Amino acid sequence: MKGELISAGALDRPNSYIGRAVPRPNAKRLLQGKGQFVDDLTLPRMLHVAFVRSPHAHARIGAIETAAAASSPGVVRVVAGRELATHCTPWVGVLTHLTGMKSAPQYPLAVERACWQGEAAVAVVADSRAAAEDGAARVEIDWQPLPVVTDMETALDPRTVVIHPELGDNLCFRREIETGAVDAAFAGAHTVVEAVFHTGRHTGVCLEGRSILADWNDAEQLLTVHQSHQAPHMMQTVFARHLGLTELQVRVICRDVGGSYGIKVHAYPDELATAALSRLLRRPVKFIADRLESFVTDIHARDHRIAGRLAVSATGEIVAIAIDDLTGIGPYSVYPRTSAIEGNQVIMLTGGPYDFKNYRARTTVVLQNKTVTSQYRAVGHPIACAVTEGLVDMAAAKLGLDPIEMRRRNLIRDDAYPHTSPSGFVFEKLSHHQCLDKLVVLMGYDELRREQATLRTRGIHRGIGIASFIELTNPSPLLYGIGGAPISAQDGCTIRLDPGGTITCLTGVTEQGQGTETMIAQVAATAVGVRLDQVRVVTGDTQVTPYGGGTWASRGTGIGGEATLRAGHALRANILAVAGTLLQADPASLDTHDGKIVDRAGGAARMTIDEVARVVYFRGDTLPRDFQAELVATRHYITKHYPFAFTNGIQASWLEVDVETGFITLLRHWVVEDCGRVVNPLLVDEQIRGGVVQGLGAALLEECVYDEAGQLRNGSMADYLVPMAAELPDIEVAHVATPTAESELGAKGAGEAGTAGAPAAVMNAINDALAPFGARVLAQPFTPERILQALGKV
């Protein structure tokens, strides 16, 4: 087929397509040997895939018998790892700026060995999920169990089996930081406290499981993927890269996602397998992880052991901190964000709120035969915060200082910015002391202390826990892009004025229930000058939205909102240019308000925005010949001056410990947070409350428990505990506002602040309640058994 000839005119570039007869890129293709256009065919029926997963934490895959499965009713195809590997290339989850990091190649289905309980080895594709599961039950695999690595403490011992022999050992990554004269500071300190902290491995338990529907269209040579995911453009690149396609051949659509918390920001093997199967079979293929699958395949997080030391002067000033972090991440580093970022952020964030000079830190990231770990809400923050705040409270107790006074003496002063932390983070402007002062008033600190003392005389043991924190938001390319990952730190927004006076806003940030669409609509309506009900927001479609990073690391408002603001201002200027021409007025004398063009000086309405749109779209002949109206504007935004926009805040917990049973009753919880300019107070407060709830779950309930054979012992909602409404305290939220000067909107992130500080506040409150007994707990979750062990009662 030939396209029309078009005069090239002035376009005489050597590589111009103007004026050339070229075939249409997406011309209809004949089915080979059928003599029929594919456009005339009935759409193929959707298929479903179920996976045969390893029951062992580590096993060699022997013979695979698939005949019974292939003959099972409804089964269309049975595919093992070796066959699928010819349709999807492996990946290695490393970042080049994490020097020395290593991981083994990973395939969509295990080829020779399964390396954790739950790793998929065979895919069974059928015309229904039930038929696929029935077929999967008929697959026979000769599993040959191998030695397992489950204890991260012994993962690097010479006698421990090496999971991937080609790597040489089980070390994935190690990094050390040293600033100042650490040894001299500890040697000359008045008081040194030290402790070993443990944080329990847990997972996200999203309301909606991971899900994907992949549809390869052979006529258009296009893979369309509907996916429950946070980063559609990242996945577009991942699918293209590993399925041998160009990005033009991949469309990823991520509409409303039922909760994510970082769980759905990664590339999962079974999801890549689903896409590969669709292309292999030329049929739509659907996979939805059920709850049991989710527990052994969704990423886990927070499996850390941290030895910490803190040195103070006689007057309570922190002079040095040293930590040694060890974390186990499973048998592979997760692609493409990797599994080393959490440990790296632990050592970068520890001590963050405080003004001290001498710091030594090391993180050691090891491989093990458990479910992989990676980024989960507030990556590394709750761990670093618990270690820091636990040591600060221990030092205060040893010096006889009140925890509030200890923090007043050590928090970075509010007039000391910009400030560089000992780990190298640069803080533009924080407000620790304002937040502390506000918290003391908000919670009635002095009155609570008096109440606590009175109750202790009656045998009731309540505690107050304080936790200062920082939160990393609005990340620049220095987090992932610098390491070669296809993860965008910039984001874009396109805003279009439609003929009816409404605006359509297309944004690269995505919606997982946190209110992204509402926030974008508020910013767009304000910037353009229309009513909120005149705005429609479109997110999560790589075919129509500007290229962007999606939603993660609390970047939606700070990055996506700023891009929207700039696009809105540009569109507003274009609208006023047209209105000025129509009204024969200087555009600078006009403004927009509630969908009307008004006089800037007095606010008198001159015409409506929809009138402007109708003239441009339908009566352009009435505009001057040398005037070209533009009612679409696209703008992008990326942080330039600071690698991250840090927020800060402080939390407090008021709880009661039953010293006979070990049970904890949460009574009140307070958060004072500074996330810059708040666009929607209700959404921000509920984001913080939701984050606190997840932090409370980690502190008291949630833990993925493994046995020595690498078997997950509590992989169902019957055994894995999550916080319920009846167990939660009232959570009171207040704000200090320190807008970032890097953007006009001035917004920083808020989505992870609650999770960052809650476990530390609860830990310190428990230990405050146990202080009369000389008991202390440092291993999360703080279960009744661990409370009683600390009290010497079990």
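Structure summary
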| read-out | value |
| --- | --- |
| Cα gyration tensor, segment 379-437 - rounded (a/c under 1.5), prolate or oblate | oblate |
| Largest to smallest accessible area among MET46, MET348, MET717 [probe 1.4 Å] | MET717, MET46, MET348 |
| Additional length obtainable on full extension of the chain from HIS419 to LEU167, 0.36 nm per residue less Cα span | 86.7 nm |
| Calculated diffusion of segment 179-306, Stokes-Einstein form, Kirkwood radius summed over Cα pairs, 20 °C and 1.002 mPa s, µm²/s | 125 |
| Gain on full stretching of the segment that runs from ARG45 to LEU728 - 0.36 nm per residue minus C-alpha separation | 241.2 nm |
| Pairwise FRET efficiency - ARG619 versus HIS97, Cβ, R0 = 51 Å, nearest 0.05 | 0.40 |
| Helix-only [θ]222 nm of the chain, DSSP H runs n ≥ 4, -39500 (n - 2.57) each, per residue, nearest 500 | -8000 deg cm²/dmol |
| Euclidean distance between Cα centres, segment 144-199 to segment 624-703, Å | 31 |
| Protection-proxy order for peptides 707-714, 292-299, 675-682, each taking the mean of Cβ atoms within 10 Å per residue, highest first | 292-299, 675-682, 707-714 |
| Pairwise FRET efficiency - ARG408 versus SER716, Cβ, R0 = 56 Å, nearest 0.05 | 0.75 |
| Rounded to 5, percent antiparallel among DSSP beta bridges of segment 224-382 | 40 |
| Compactness of segment 692-794, expressed as Rg and Dmax over alpha-carbon positions, Å | 17.9, 58 |
| Over 22 Å between alpha carbons, listed pairs LYS357/LYS640; LYS102/LYS357; LYS640/LYS748; LYS429/LYS640; LYS357/LYS748; LYS102/LYS370 | LYS357/LYS640; LYS102/LYS357; LYS357/LYS748 |
| Förster radius 30 Å - calculated FRET efficiency between GLU785 and THR154 (Cβ-Cβ, nearest 0.05) | 0.80 |
| Protection-proxy order for peptides 455-464, 500-509, each taking the mean of Cβ atoms within 10 Å per residue, highest first | 500-509, 455-464 |
| Solvent-accessible area per residue for segment 668-764 (1.4 angstrom probe, square angstrom) | 35 |
| Share antiparallel - DSSP beta bridges, the chain, percent rounded to 5 | 80 |
| Relative contact order for the chain, counting Cα pairs under 8 Å that sit 6 or more residues apart, in percent | 14 |
| Peptides ranked, highest mean first, by Cβ atoms within 10 Å: ranges 510-519, 579-588 | 510-519, 579-588 |
| Kyte-Doolittle mean at least -1.0 and Cα axial length at least 20 Å: DSSP H helices in the chain | 381-399, 562-583, 681-700, 753-770 |
| Point-charge dipole on Cβ atoms (K/R +1, D/E -1) for segment 613-739, about Cα centre, debye to 20 | 1180 |
| Potential extension, ALA573-ILE482 segment - 0.36 nm per residue separation minus Cα distance | 29.2 nm |
| Whole-percent carbon and sulfur share, accessible surface of the chain, 1.4 Å | 52 |
| Heavy-atom accessible area per residue - segment 368-517, 1.4 Å, Å² | 30 |
| Rg/Rh (Cα only; Kirkwood hydrodynamic radius) as it applies to segment 283-420 | 1.12 |
| Positive-end residue of ALA605, GLN651, THR639, charge dipole of segment 598-664 with Cβ unit charges | ALA605 |
| For segment 557-627, convex hull volume per residue from C-alpha positions, Å³ | 105 |
| Shape category assigned to segment 57-184 from the gyration tensor of Cα positions, a/c cut at 1.5 | prolate |
| Relative contact order (%) - segment 532-649, alpha-carbon pairs under 8 angstrom, separation at least six | 25 |
| Cα-centre dipole for segment 402-526 with unit charges at Cβ (Lys and Arg positive, Asp and Glu negative), debye to 20 | 620 |
| Net charge dipole size for the chain [Lys, Arg +1 and Asp, Glu -1 on Cβ; Debye, nearest 20] | 1380 |
| Sequence-separation-based contact order of segment 120-259, relative, with Cα cut under 8 Å and 6+ spacing, percent | 14 |
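The values are calculated or read from the model by the stated rules, or taken from the named source; none is laboratory data. What you see is a predicted model, and the numbers here were worked out from it, not measured in a lab. When we count neighbours, we look across all protein chains shown, and the Cβ atoms used for this are built from the backbone with ideal geometry, even at glycine. Keep in mind that these areas ignore ligands, DNA and RNA; they rest on the heavy atoms of the full protein, side chains included. Shrake-Rupley method; radii C 1.70, N 1.55, O 1.52, S 1.80 Å.
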